[in-house]
Amino acid sequence: MVTFTFFFFGAMLRGNATYWVGRAVARGVENTRYQRIMHGIVYRRAQRFIARWGMLAVPLCFLTVGIQSAVNASAGASRMPLRRYLPAVTVGALAWALIYTTIGMAVFYAWLSLDWPYIVAALLAIAVVVYFFLRYRKRNSERIRGAASEESMPDQS
């Protein structure tokens with residue numbers, strides 16, 4: 001039950017935060033040269049569509065991978081009414097939490113029961129550390145070479 005609650009509140013937090021970011025972006029665009037887009041016929045049609053069908057799109061996006069943020073931000077940017085958005089995001093978060101609590105955790109625990117995941121995780125961690133170390137050394141050596149070449153150049157003034 002704790003895992004389900006954690007996943008539910010995580011999904012609610014992420015969904016609502018993305019909605020409000022979309023809403024803030026739409027509000028910020030109001031006073032720019034792009035405001036004509038926000039008041040155009042295509043945008044108005046999109047607002048009506050989201051207001052009417054967003055109630056289905058929002059919970060269904062939680063059953064997919066990769067479009068949750070886009071749908072929630074679009075709902076915010078098109079100013080989907082909260083009286084429709086909040087129930088929709090709640091249903092979606094419940095479905096997402098149920099899926100990840102059951103199927104997702106079963107896969108995770110099955111993966112942990114094997115011996116090789118620890119080896120893979122350790123190798124992956126080592127690879128990340130080596131990558132950042134080499135990247136740091138390369139940038140540092142380029143900075144030193146750049147500073148040395150600037151010092152050796154004659155003054156052309």
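The values are calculated or read from the model by the stated rules, or taken from the named source; none is laboratory data. Quantities reported herein were computed from a predicted structural model and do not represent experimental measurements. In this analysis, Cβ positions are derived from the backbone assuming ideal geometry, glycine residues included, and neighbour counts consider all displayed protein chains. Note: areas computed on protein heavy atoms with side chains; ligands, DNA, RNA excluded. Shrake-Rupley method; radii C 1.70, N 1.55, O 1.52, S 1.80 Å.
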Which FRET efficiency, nearest 0.05, do residue 86 and residue 63 yield, Cβ-Cβ r, R0 22 Å? 0.75
Taking 0.36 nm per intervening residue step and subtracting the Cα-Cα distance, what contour gain separates residue 49 from residue 14 on full extension? 10.3 nm
At a 10 angstrom cut-off on C-beta neighbours, averaged per residue, how do the peptides 59-65, 39-45 rank from highest to lowest? 59-65, 39-45
With all protein chains in place and a 1.4 Å probe, residue 145 shows an accessible area in Å² (nearest 10) of 150
Estimated 222 nm signal from helices in the chain, with DSSP H stretches of n ≥ 4 weighted -39500 (n - 2.57), rounded to 500: -27000 deg cm²/dmol
Here the membrane-span-like helices of the chain, with no claim about any membrane, defined by DSSP H, Cα axial extent at least 20 Å and mean Kyte-Doolittle at least 0.5, are 2-29, 41-61, 82-99
Place +1 on the Cβ of every Lys and Arg and -1 on the Cβ of every Asp and Glu in the stretch 1-151, take the dipole about the Cα centre, and give the residue among 134, 39, 92 whose Cα lies farthest towards its positive end. 39
Most to least packed among 125-131, 26-32 [average Cβ atoms within 10 Å]: 26-32, 125-131
Computed over the stretch 3-157, Cα set: Rg, Dmax in Å: 24.5, 72
Heavy atoms of residue 12 accessible to a 1.4 Å probe, total area in Å² rounded to 10: 40
